[in-house]
Structure formats: C-alpha cells, structure tokens
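To start, the structure under review is shown below, and the notes come after it.
The values are calculated or read from the model by the stated rules, or taken from the named source; none is laboratory data. Since we're looking at a predicted model, the values are computed, not measured. Here Cβ is always computed from backbone atoms with ideal geometry, including for glycine, and neighbour counts include all displayed protein chains. In case anyone asks, the SASA skips ligands and DNA or RNA and just uses the protein heavy atoms, side chains included. Shrake-Rupley method; radii C 1.70, N 1.55, O 1.52, S 1.80 Å.
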Amino acid sequence: MGRPREFDVDDALETAMELFWRKGYEGTSLSDLTEGMGITKPSLYGVFGNKEGLFLKALERYERTKMNFFHEALKEPRARDVAEKILRGFADSQTAETGPSGCMGINGALACSEAAAEIQKCLIENRHRGERDLAERFERAAKEGDLPAGQEPYDLARYIMTISQGTAIQAASGADRPALYRVIDMALQFWPVSAVRNG
C-alpha cells in the first residue's frame, strides 16, 4: 500500500517557482527549496527527479501562469498593438505586487556556470522561441500591409524582445511599473510608420 503524499505538489511548485524567479537557478540551493517547499530531499527527488527537473517544471508553470499574455497579444489585429501589449504585459509581470520582480527566465540564465549549461540553453531556447513567434506575427503584418515596406520582421521582433529583457533587469533592480511604462512609451515612438504622402 502506497504511502500518502506528504505535501501539496501544486503549492510546492508555486514556492519553487518563486524561489527560482527570485534567486536564479544556481542561486537557489537545495536547502532553500526543501525549506521553502516544506519537504525533504527524498520527497523532492521522488516527485521532481532532481533540481534541474524541478526547475523545468517551475519554468513551465511560470510560462503558463505569468506569461500567458504573450500569446494573447499575438492575436491583436494590428502589429503595433501586438508590440505594445507584449511590452506592457512583460512590465506588468515584472512588477506584480505578488511575486518577485524581474523575469524568471532572465534571472535564471544570468551567471550560469558550466554545471548549469543545460538550464541556460533551455532558457535561451525559450526566449528564441518567443522571438520567432513574434517575428512570424510581424511577417504576417508585413504581408497584410500593416508594416511599411522594407521593415525586417525578425529585426523588429528582436527589438521588442530586447526592450522587454531590459525592463526585466530594470524591474529586478527596483524600477517600478510607471518607470517601465515610460521606457515602453519611448520605445514605441520608434515604431515604423509609412511615410506621409503629399496630396
């Protein structure tokens, strides 16, 4: 007869997500995790495999619960609205009243050693995937005439993602939401528009 599970996996995963988000992958020790989650190391290994496995599950939870705005924004009818909703969605997530500041993906990838190379690779691939999804949306906008001729969708996607990564670092350093919104407003001033034609 199996022994009943001694902790709530969902609650434990939420705690792990917040610890990794706050401290990064390598900055979060096994002791931090077991103490924060209220479990023993054997329980952690039994349910999640190891620290890396726990991080990947926590990252999946983060993307599902904190980053769902991203794919919703891609459904906006105009490319500029897509960009603005993504940038403001990042800023909102990075400065939420509950949870750590900044971005779990950025915090987790900074200062990774060779021992955490696979985690860093996973985080980089996640960012690239988001950038590709955004570039494909901008490609569609270009075909629909929603972007001026000559605009490179992949460069535009990289620009938006670079701004979002910058606001993540600013948020982790203490910048508040209004400050990030002002940066976003400035960034959107450079949104490409068609030249005004003289009548």
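For this structure, a couple of remarks:
- Residue in segment 36-44 that is within 17 Å of the chain's Cα centre (by Cα) and over 26 Å from Ser173 (Cβ atoms) present: no
- Count of residues meeting criterion [buried (at least 18 other Cβ atoms within 10 Å of the Cβ) and either free of Cβ contacts under 8 Å to residues at least 24 places away in the same chain or hydrophobic (A, V, I, L, M, F, W, C) (or both)] in segment 124-141: 4
- Selection within segment 163-178 - in a helix (DSSP H, G or I) and either open to solvent by less than 80 Å² (accessible area, probe 1.4 Å) or of a type in the set (Lys, Arg) (or both): Ile163, Ser164, Gln165, Gly166, Thr167, Ala168, Ala171, Ala172, Arg177, Pro178
- Close pairs from segment 100-123: first closer than 21 Å to Leu87 by Cβ, partner at pLDDT below 70, Cβ under 9 Å, at least 6 apart: Leu123/Ala109; Leu123/Cys112
- Pairs, first farther than 21 Å from Met104 by Cβ in segment 39-57, second part of a helix (DSSP H, G or I) and basic (Lys, Arg), C-beta under 7 Å, six or more apart: none
- Some residue of segment 72-93 being crowded, with 23+ Cβ neighbours inside 10 Å and not hydrophobic (A, V, I, L, M, F, W, C): yes
- Residue among Glu125, Glu97, Glu136 that alone is of a type in the set (D, E, K, R) and assigned to a loop (DSSP other than H, G, I, E, B): Glu97
- Of the helices (runs of 4 or more DSSP H) lying entirely inside segment 1-70, those containing at least 3 residues that are of a type in the set (Lys, Arg) and surrounded by 13 or more Cβ atoms within 10 Å (Cβ to Cβ) are 51-65.
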